[in-house]
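Okay, so here's the structure we're looking at.
The values are calculated or read from the model by the stated rules, or taken from the named source; none is laboratory data. In this text the structure is predicted, and so the values were computed from the model without any measurement. A quick note on method: Cβ atoms are made from the backbone with ideal geometry, for glycine too, and the neighbour counts reach across all protein chains shown.
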Amino acid sequence: MMNHTLDILALRSFVLSDQLGSFSKAADNLSCSQAALSFRIKKLENTLGARLFHRNYHTLQLTTSGQGLLPEAKAVLRAHDQMLGMAQQIETQESVRLGVPEELARALFRDVMAPQAMDNEINVELTMLMCRDLMDMVENQQLDLALTTVPPEHYGGERLGARELIWVASPDFDFQPGRPIPLALHPQRCIYRDLILGVFETSGTPYRIQFSAQGSMSVQAAVAAGMGLTVITDGMVPNELVRAPEEWGLPNLGMIELRLFKTSSLSPAQLSFAQLLKKAFS
């Protein structure tokens, strides 16, 4: 049974022999003996079922079959080399381990990760957790960069700006003055949760935690369903939610700062990506 699997090295020997006009020159170029190169071409001829060279000339001359197969052989080698080059590029492509809270994900993809915004070749490994967890991961060298929101009194990181914290609800939320305010919050260790509960306890405002979940999408879905109120950074309010009216008399939560935390040893490509983040979120 004929072996129909092409030997790439034999194919390269065929093309190079024709290009250089000599088996010996092709053998020198490929760092093998002339006998080994002749064996490869004979093997290729057996695979193809066709003679490729006339062997009764002092200089190499392609047969009709060889002339017909040469362009295809070159095309196969080009495709082979391109695939190897792409694989090596993917293997050596630099990565950046980035952490953001889920609330910032939409702006991250729109303003930083979109093809028109990316001006450097880097693979982004994204982690979405609560801000305190992300800061811990940077400190423990588990992340290269973390974009987080923190209270103004928090230390560390590079300040990119400050935004107002606002109360949001569904457009048809049935607010009932005098009754405990239903809240949809993140779980323990959430900076927003600590701020909200601290303000309520200081002011003596009655409240109840109606819903709690890890991700912003879950919390916002609960608010959109009318289960309660939550707090979002100004400028990050999704279309299905609205800012709570001032007449509801909800306590003012002040400002939240956006900061970029990074490890001490970033590569030039990672520093360039950090600049993209700063430009988009400052």
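Side notes on the structure shown:
- Residue count for the stretch 2-42 satisfying the condition of being among the aromatic types (Phe, Trp, Tyr) and either surrounded by 15 or more Cβ atoms within 10 Å (Cβ to Cβ) or within 17 Å of Arg78 (Cα to Cα) (or both): 2.
- The lone exception for Glu158 - which of (1) more than 30 Å from Ser267 (Cβ to Cβ); (2) touching a residue at least 60 places away in the same chain (Cβ under 8 Å); (3) of a type outside the set (A, V, I, L, M, F, W, C) it fails: (1)
- Residue check: Arg189 meets all listed conditions (1) closer than 20 Å to Met130 by Cβ; (2) touching a helix residue (DSSP H, G or I) at 6+ places or on another chain (Cβ under 7 Å); (3) surrounded by 14 or more Cβ atoms within 10 Å (Cβ to Cβ) but one, namely (3).
- The stretch 216-266: number of residues that are free of Cβ contacts under 8 Å to residues at least 60 places away in the same chain, under 24 Å from Pro180 (Cβ atoms) and within 27 Å of the chain's Cα centre (by Cα): 4
A quick yes/no check of all residues on (1) in the same structural domain as Thr233 (by TED's automatic domain parsing); (2) part of a helix (DSSP H, G or I); (3) closer than 13 Å to Leu253 by Cα; (4) touching a residue at least 12 places away in the same chain (Cβ under 8 Å):
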position: Trp167; (1), (2), (3), (4): yes, no, yes, yes
position: Asp174; (1), (2), (3), (4): yes, no, no, yes
position: Pro177; (1), (2), (3), (4): yes, no, no, yes
position: Ala184; (1), (2), (3), (4): yes, no, no, yes
position: Pro187; (1), (2), (3), (4): yes, no, no, yes
position: Asp194; (1), (2), (3), (4): yes, yes, yes, no
position: Glu201; (1), (2), (3), (4): yes, yes, yes, no
position: Ile209; (1), (2), (3), (4): yes, no, no, yes
position: Gln214; (1), (2), (3), (4): yes, no, no, yes
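- Residue in the stretch 258-279 that is assigned by TED's automatic domain parsing to the domain that holds Leu143, surrounded by fewer than 17 Cβ atoms within 10 Å (Cβ to Cβ) and on the phi > 0 side of the Ramachandran plot present: no
Each row is one residue, and each column tells you yes or no for (1) modelled with pLDDT under 90; (2) closer than 30 Å to Ser264 by Cα; (3) out of contact with any strand residue (DSSP E or B) (no Cβ under 6 Å at 6 or more places or on another chain).
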| residue | (1), (2), (3) |
| --- | --- |
| Ser22 | yes, no, yes |
| Arg55 | yes, no, yes |
| Thr59 | yes, no, yes |
| His80 | yes, no, yes |
| Leu84 | yes, no, yes |
| Ile90 | yes, yes, yes |
| Leu98 | no, yes, no |
| Arg106 | yes, yes, yes |
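- Sole exception among (1) surrounded by 18 or more Cβ atoms within 10 Å (Cβ to Cβ); (2) in contact with a His (Cβ under 8 Å, 6 or more places away or on another chain) for Ala213, by number: (1)
- In the set (1) in a loop (DSSP other than H, G, I, E, B); (2) buried (at least 19 other Cβ atoms within 10 Å of the Cβ), Gln220 fails one condition alone, (1).
- Matching residues in the stretch 233-269 - criterion: being aliphatic (A, V, I, L, M), within 11 Å of Glu164 (Cα to Cα) and either part of a loop (DSSP other than H, G, I, E, B) or touching a Cys at 6+ places or on another chain (Cβ under 8 Å) (or both): Met236, Leu253
- The one condition in (1) out of contact with any Leu (no Cβ under 9 Å at 6 or more places or on another chain); (2) modelled with pLDDT of 90 or more that Val231 fails to fulfil: (1)
- Residue within the stretch 271-279 that is touching a residue at least 40 places away in the same chain (Cβ under 8 Å) and part of a loop (DSSP other than H, G, I, E, B) present: no
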